[in-house]
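The values are calculated or read from the model by the stated rules, or taken from the named source; none is laboratory data. Keep in mind it's a predicted model, so treat the numbers as computed, not measured. Here the Cβ positions follow ideal geometry from the backbone for every residue, glycine too, while neighbour counts run over all protein chains shown.
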Amino acid sequence: MPNPQSTQRLILASASPRRAELLRQIGVPFAVAATSVEERRGADESPRDYVLRLAQEKSRAGLAQAHSQRDVWSLGADTLGVVDDQILEKPHDFADFSRMMRLMSGREHSVLTALCLSGAGAEFSEVVETRVRFRALDRALIEGYWHTGEPQDKAGGYGIQGMGALLVASIRGSYSNVVGLPLETLAEFLERAGIAYWQTGMKLGVSSP
């Protein structure tokens, strides 16, 4: 584990409350940077390349906001679901959500999360995949879950850490990856950057870098 006296600062280049909560869970102080990155897949871009590019662009944008500060690292991340080579992002409306649920019903899909940690003239990045199998979903279950209000802002249309857990039959791989931040990979990145985790007695989240 890194030296608990480390002075390195971390910027979370994401507005995701789930990623912020995961950082607090492992005791990492951070600031949040509001970044604006266009999320549009290139014509010949694979899902892995697409999610990695978004994470890298977010990380670099967060770092650019702290250009005058030393010992700062920026964490960018992006998550999407994939089934039959179709990308499942946040649903636009109920029809889009219902389509995604039917695609995933009773079968496995992939959840890809890309991480990128930039700073001190270095950059670490990786795409982590988890395989999630859904239960068979009927119309009543799909409609009922939609009306909870939870799916609207979730990549793939569900939150495994919330009420969407009841849709899941099994997972293969990192659970936290499905939530939006693979902690196993992140720990390696933090250690390489000299950023301490398991810090106690500190304010673990602030509003801006």
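Within the stretch 98-117, can one find any residue that is touching a residue at least 12 places away in the same chain (Cβ under 8 Å), farther than 17 Å from ASN177 by Cβ and crowded, with 20+ Cβ neighbours inside 10 Å?
If we filter the stretch 98-117 for residues that are touching a residue at least 12 places away in the same chain (Cβ under 8 Å), which is where we start, we get 98, 100-117.
With farther than 17 Å from ASN177 by Cβ added as a condition, the list becomes 98, 100-103, 105-107.
Among the residues that remain, those that are also crowded, with 20+ Cβ neighbours inside 10 Å are: 100-101.
For the stretch 98-117, residues touching a residue at least 12 places away in the same chain (Cβ under 8 Å), farther than 17 Å from ASN177 by Cβ and crowded, with 20+ Cβ neighbours inside 10 Å: present.
Only one of the numbered conditions (1) part of a helix (DSSP H, G or I); (2) in contact (Cβ under 8 Å) with a residue 24 or more places away in the chain; (3) among the acidic types (Asp, Glu) is not met by GLU39, and that is (1).
Could you tell me whether the stretch 146-164 includes any residue that is modelled with pLDDT of 95 or more, over 20 Å from SER14 (Cα atoms) and crowded, with 16+ Cβ neighbours inside 10 Å? Taking every residue of the stretch 146-164 in turn, at least one turns out to be modelled with pLDDT of 95 or more, over 20 Å from SER14 (Cα atoms) and crowded, with 16+ Cβ neighbours inside 10 Å. Would you check if there is a residue in the stretch 155-168 being touching a residue at least 40 places away in the same chain (Cβ under 8 Å), among the small types (Gly, Ala, Ser) and in a strand (DSSP E or B)? Scanning the stretch 155-168, I find no residue that is touching a residue at least 40 places away in the same chain (Cβ under 8 Å), among the small types (Gly, Ala, Ser) and in a strand (DSSP E or B), so the answer is no. A single entry from THR35, THR79 fulfils the requirement of being within 20 Å of GLU129 (Cα to Cα) and either surrounded by fewer than 14 Cβ atoms within 10 Å (Cβ to Cβ) or under 15 Å from the mean Cα position of the chain (by Cα) (or both): THR79. Per the conditions (1) surrounded by fewer than 18 Cβ atoms within 10 Å (Cβ to Cβ); (2) more than 21 Å from HIS109 (Cα to Cα); (3) more than 14 Å from the chain's Cα centre (by Cα), the sole criterion not satisfied by GLU21 is (3). Applying a threshold of 6 Å to beta carbon distances and a minimum spacing of six or more residues, or different chains, the list of pairs starting in the stretch 76-87 at a residue that is part of a strand (DSSP E or B) and ending at one that is of a type in the set (Val, Ile, Thr) and crowded, with 19+ Cβ neighbours inside 10 Å reads ASP78/VAL51; THR79/THR113; LEU80/VAL51; GLY81/VAL111.
Considering the stretch 38-65, the residues that are surrounded by fewer than 20 Cβ atoms within 10 Å (Cβ to Cβ) and of a type in the set (A, V, I, L, M, F, W, C) include one that is modelled with the lowest pLDDT, namely ALA43.
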